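Here the structure is laid out as structure tokens; the discussion comes afterwards.
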Amino acid sequence: MFIPPPGYLLLQLDYSQAELRVMAAQAGEKTMIKWFKEGKDIHLASALKKYHMEDEYDRIAKILELEDDNDPEFKIWKVRRKQAKTINFGIIYGQGANKLADSLECSLEEAKQFLKEFDKTFPKVAAFVKKQHALAHENAYVTNVFGRKRRLWDIDSDNKALVAQAERQSVNAPIQGAASDYTLFSSILIWEQSKAGLLPIDKPQAYTVHDSLGYFVKPE
């Protein structure tokens, strides 16, 4: 969709796990914030905590980095990390046990257990989700950290499916909205610095998608 002009390349920049970082900050979830500050892979750290192997982080991270298909531990932890990632993002998108079971290709009981363990590991995230639901029912809208409002007209609907969807949006919208706003702020700062000659960008920004920015830049 975006073709660089002759003599230019397309450079894409994006935040690392922006939505999870925003969620951790909004919820005040100390464990997750600590992992981010330590530069850890949040999904691997979550998987290791689930299996009570937090002290093995450096060793398992190295195994995943080497990507040796002949190493049985690589195959095991690749799957476990992927499961943790699905669960982590599933919370943001408001996935219940049924949807999570489909995503993980596991039984409904296993999915329920995964959610129970997540709530135990990150209790403040669970409290944040409940608080957002309550705010939605009280006000019929929620806001992100910058005051951007998401109206939720269906929160008082007689249709339970529409109410459930509005509750999911009450959690998701402030998180995705904040991540998007941070990205927009970055695009402003980058353009100001490029105009001041501090960054080698001589063309307007090509696009923004969620938490990523695209630019046309010269190879040098």
Computed label-point distance, nm, for sites residue 151 and residue 37 using a 7 Å Cα→Cβ extension:
4.1 nm
With a Förster distance of 45 angstrom and the Cβ-Cβ distance between residue 202 and residue 121, calculated FRET efficiency to the nearest 0.05 equals 0.45
Counting only the heavy atoms of the protein chains, how much of residue 102 is accessible to a 1.4 Å probe, in Å² to the nearest 10?
110 Å²
Note to self, the chain gives a 222 nm [θ] from helices alone (DSSP H runs n ≥ 4, -39500 (n - 2.57) apiece, / all residues, nearest 500) of -19500 deg cm²/dmol
Surrounding net charge for residue 108, when Lys and Arg each add one and Asp and Glu each subtract one, Cβ distance under 13 Å:
-1
Could I have the simple spin-label model distance between residue 212 and residue 159, label points 7 Å from Cα toward Cβ, reported in nm to one decimal?
3.3 nm
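What ranking do 207-214, 129-136 get when scored by the average of other Cβ atoms within 10 Å per residue, highest first?
On the way: 207-214: 15.2, 129-136: 18.1.
The densest-packed peptide leads the list: 129-136, 207-214.
Hey, can you rank 193-202, 77-86 by average C-beta count inside 10 Å, highest first? Before the final figure, lay out each step's value.
Details: 193-202: 12.2, 77-86: 18.2.
Per-residue Cβ counts within 10 Å, averaged per peptide and sorted highest first, yield 77-86, 193-202.
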How high is the relative contact order of region 1-63, in percent, counting Cα pairs under 8 Å that sit 6 or more residues apart?
15 percent
What is the percent carbon and sulfur in the accessible area of the chain, measuring with a 1.4 Å probe over the protein chains and ignoring ligands?
53 percent
Which part of region 74-91 falls in the paramagnetic zone of residue 66, meaning amide N under 13 Å from the point 7 Å along Cα-to-beta-carbon?
74-75
Distance in nm between residue 103 and residue 134 label points, each 7 Å along Cα→Cβ, equals 2.5 nm
Pairwise centroid distance, computed over Cα atoms, of region 74-123 with region 8-52, Å
16 Å
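What whole-number volume per residue, in cubic angstrom, does the convex hull of the C-alpha atoms of region 74-115 give? Mind dumping the intermediate values first?
Working: hull volume 2.4 nm³, N = 42.
Measuring per residue, one finds 56 Å³ for the Cα hull of region 74-115.
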Expressed in angstrom and rounded, the centroid-to-centroid distance over alpha carbons for region 138-173 and region 186-200 is 36 Å
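The values are calculated or read from the model by the stated rules, or taken from the named source; none is laboratory data. Keep in mind it's a predicted model, so treat the numbers as computed, not measured. Every residue, glycine among them, receives a Cβ derived from its backbone with ideal geometry; neighbour counts consider all protein chains shown. Calculation scope for accessible area: heavy atoms of the full protein, side chains included, ligands and nucleic acids excluded. Shrake-Rupley method; radii C 1.70, N 1.55, O 1.52, S 1.80 Å.
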